[in-house]
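The values are calculated or read from the model by the stated rules, or taken from the named source; none is laboratory data. Computed from a predicted model, the values in this text were never measured in an experiment. Every residue, glycine among them, receives a Cβ derived from its backbone with ideal geometry; neighbour counts consider all protein chains shown. Just so you know, the surface numbers come from the protein's heavy atoms only, side chains and all, with ligands and any DNA or RNA stripped out. Shrake-Rupley method; radii C 1.70, N 1.55, O 1.52, S 1.80 Å.
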4 protein chains.
Amino acid sequence: MTTATPDPSSAERACFEAGIKFGSLYHQFAGTPVSPDSARSLERAIEAAIENQPACVAVSVEIDDQALQSAIDAGGADYTELTGRLMDVRIEVYHDGTNVVAEMAMEDGYPLMQLESVEESS
Amino acid sequence: MTTATPDPSSAERACFEAGIKFGSLYHQFAGTPVSPDSARSLERAIEAAIENQPACVAVSVEIDDQALQSAIDAGGADYTELTGRLMDVRIEVYHDGTNVVAEMAMEDGYPLMQLESVEESS
Amino acid sequence: MTTATPDPSSAERACFEAGIKFGSLYHQFAGTPVSPDSARSLERAIEAAIENQPACVAVSVEIDDQALQSAIDAGGADYTELTGRLMDVRIEVYHDGTNVVAEMAMEDGYPLMQLESVEESS
Amino acid sequence: MTTATPDPSSAERACFEAGIKFGSLYHQFAGTPVSPDSARSLERAIEAAIENQPACVAVSVEIDDQALQSAIDAGGADYTELTGRLMDVRIEVYHDGTNVVAEMAMEDGYPLMQLESVEESS
């Protein structure tokens, strides 16, 4: 017997949209050569690029200068490749009446993407 | 006055995870040189790569040979670059008791990523 | 019988370096969501990112606003994905006494990466 | 006074082509989620994808299982992201009478892309 599955809710669709933005941001820009001199322009370009995507209200990217310098010092060049360990990201999505905020930050030594809040807008 | 926001539900977190997989898949592999000869190996590699990600149960990628040939014929070479217009994707995620299925397919001439079903597992 | 192959020359190594920069630039950033509002920040970030790479003297990226608008008009959204058809790129490399300039521009309707000049510096 | 610069030679153009393939390969696939189970399919897909590019004769990619397992053990998941430290790559290009072989391998602890040989074909 098959029982009908209800359609996904607006909140669930908004969370799906937030996830798309995170995956897009990460896999589009991971691997980009980055140094202290280029970090600010890369932050701004990532924000503006992902904000183009549907339902995306705001994106904030902060490359951690100290983590960046440590990664450079551990390598053999004067730049490194962008990874999740080097940046904090906050993405705000609005979809069909629901606001979603999601963040990526270091937790227990690893970068973790997490849903922070899901709110019906009034 | 600030009212407390309830924590995101398991279903919402599962939808966020499904979105991450879609954004990752798309922006990791879009732009890959592809031809009829390399399409099958690329499908398999994309599936196996994304299935590595947390909460990802199954990924199915089908590159449309007819759309691929049309894109090649419209260009100046014997290959083209992978885009959403050339493939159908189905991703199944399981997170904390919830199964989510999401798909990307052409709709009205454009590739669209959509949540198909969100079900509590019994 | 095996005859010895001479080592690659400085000029050949410099041309190899120039090619690496072009391939890196293209496949790192192709697929990035782009609109007239985000085009300038993306140009600057691409230039600064690739200039980090070894032997890279200068990078110039110009996203063609008219081509960008045409691509957006042809699609179903208010942005598009960056491709070689939307930008002109010029890269200057210096390696072990040789200056190399390479460019990517539209030729006969297709984006073409070409070596422009290879000069021993005096 | 401007003195004429001679056009780049066939060998120089072939070296430029070889560099494009290396940069493309690296920045298209760096960041891909990879595990021992998915390494073989990823190797094959990278080879077939880059062999589509003009002038590319053969591509060989070997993901080092021991380096892969070490990277996974050092992280918090059962997969890691592909980087140059995890793979050896050999690319053969033929352009206008010249064969070029280039390789990427670890040297002094860092991945290095190098021109191995440039030969006029007879």
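Observations on the structure shown:
- Within segment A:51-69, the set of residues being within 18 Å of C:Gln53 (Cα to Cα) and surrounded by fewer than 19 Cβ atoms within 10 Å (Cβ to Cβ) comprises just one member, A:Gln69.
- Taking the criterion of being within 25 Å of A:Leu115 (Cβ to Cβ), outside any helix (DSSP H, G or I) and within 14 Å of chain B (Cβ to nearest Cβ), the residues of segment A:18-60 that qualify are A:Ala30, A:Asn52, A:Gln53, A:Pro54, A:Ala55, A:Cys56, A:Val59.
- Condition check for C:Ser10: within 8 Å of another protein chain (Cβ to nearest Cβ), hydroxyl-bearing (Ser, Thr, Tyr) and surrounded by fewer than 24 Cβ atoms within 10 Å (Cβ to Cβ): no
- Taking the conditions (1) more than 10 Å from every other protein chain (Cβ to nearest Cβ); (2) closer than 19 Å to D:Phe22 by Cα in turn, C:Asp64 satisfies each one other than (2).
- Scanning segment C:66-98 for residues that are acidic (Asp, Glu) and within 11 Å of the chain's Cα centre (by Cα) returns C:Asp88, C:Glu92.
- Counting the residues of segment B:70-84 that are open to solvent by 10 Å² or more (accessible area, probe 1.4 Å) and away from chain D (no Cβ under 14 Å) gives 3.
- Matching residues in segment D:89-122 - criterion: being outside any strand (DSSP E or B) and out of contact with any strand residue (DSSP E or B) (no Cβ under 9 Å at 6 or more places or on another chain): D:Asp96, D:Asp108, D:Gly109, D:Ser122
- Looking across D:Thr2, D:Thr80, one residue alone is touching a Leu at 6+ places or on another chain (Cβ under 9 Å) and either of a type in the set (Ser, Thr, Tyr) or modelled with pLDDT under 95 (or both). It is D:Thr80.
- Qualifying residue in segment C:73-88 (condition: free of Cβ contacts under 8 Å to residues at least 40 places away in the same chain, farther than 23 Å from A:Gln53 by Cβ and assigned to a strand (DSSP E or B)): yes
- Scanning segment A:85-106 finds one or more residues that are among the basic types (Lys, Arg) and open to solvent by 60 Å² or more (accessible area, probe 1.4 Å).
- Residues satisfying the stated conditions in segment B:108-122, i.e. open to solvent by 60 Å² or more (accessible area, probe 1.4 Å), within 14 Å of chain C (Cβ to nearest Cβ) and under 15 Å from the mean Cα position of the chain (by Cα): B:Tyr110, B:Leu112
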